[in-house]
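Structure first, then comments.
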Amino acid sequence: VPTNPEPEVVLPTGIQLKVSTVNMIIFDSHKLNATVLPTFATNKTLTWSSSNPDIVSVDSNGNIKAKKIGSAIITVKTSNGIQKQVMVYSDVSSIKLNISNATISQYGISETKITATVTPNIDYNLNSSMINYSTSNNYIGLDKNNFKTVAYVKNSPSSYSRTDVTLKIGRKKAT
C-alpha cells in the first residue's frame, strides 16, 4: 500500500517591502505591501504592529492611518519571527502665517498678532510641546498661545532691524 509523503515545509527566509520610510499627512491612509520570501513558502502569514498606534495605526492587512503628528515604526513579522520595519512620519501638509502688522517698533505700533493656518485643521490634536515659535533676534518677544501669537518689541534697537518669526509643527515650518 503506497503512503502519501508529508508535504515539504518551506519556511520564510525574508520579507520584501518596497519602502523603508513613509511620509504621510495627518488623517491620511496608506497601504504597505509586503511579500514573504521565498514566494513559495508554506506559511505566508504576516502580522503587523505599530510602535506608537496613537500616532500611526496599522491593521492586519498593512493599512496604515496617520492619526496625530509624530512618528511610528511599523513592524511586519513572518510566522517564524523574521521581521522588517518601516519608519512612518505623520505631519501637517502646510502652515501659513498671517501677520496683522508687518512693521512694529518702539515708537508706533508695538505689537502685532500672528495667526497660523494649518492644513489640515488639527487644533484639537496638538499639545503645546508640538508647537515651536522662534525669532531670529532678541528684539522681538513672543506671547505664545497655540495658533494665535503676539509679537512685541522687547528691546530697542538703535536702527532698523528685521526679524523672522518661525512656527514649527512636527517636521513642517513656516517663516
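The values are calculated or read from the model by the stated rules, or taken from the named source; none is laboratory data. None of these values were measured; they are calculated from a predicted model. Backbone-built Cβ (ideal geometry, glycine too); neighbour counts: all protein chains shown. These accessible areas exclude ligands, DNA and RNA; they are computed on the full protein's heavy atoms, side chains included. Shrake-Rupley method; radii C 1.70, N 1.55, O 1.52, S 1.80 Å.
Taking the stretch 26-54, which residues are of a type in the set (A, V, I, L, M), part of a loop (DSSP other than H, G, I, E, B) and at pLDDT 95 or above? Listed by number, the residues that qualify are Leu32, Ala41. Being surrounded by 15 or more Cβ atoms within 10 Å (Cβ to Cβ) and either free of Cβ contacts under 8 Å to residues at least 12 places away in the same chain or farther than 30 Å from Thr135 by Cβ (or both) is a property that holds for Val58. Among the residues of the stretch 62-99, those identified as under 21 Å from Lys172 (Cβ atoms), open to solvent by 10 Å² or more (accessible area, probe 1.4 Å) and hydroxyl-bearing (Ser, Thr, Tyr) are Ser71, Tyr89, Ser93, Ser94.
Counting only strands (runs of 3 or more DSSP E) that fall entirely inside the stretch 78-175 and contain at least 3 residues that are at pLDDT 75 or above and either of a type in the set (Phe, Trp, Tyr) or in contact with a Lys or Arg (Cβ under 9 Å, 6 or more places away or on another chain) (or both), the qualifying elements are 83-91, 94-99, 111-119. The set of residues from the stretch 15-29 being farther than 19 Å from Arg171 by Cα, surrounded by 13 or more Cβ atoms within 10 Å (Cβ to Cβ) and either touching a Pro at 6+ places or on another chain (Cβ under 9 Å) or of a type outside the set (Val, Ile, Thr) (or both) comprises just one member, Leu17.
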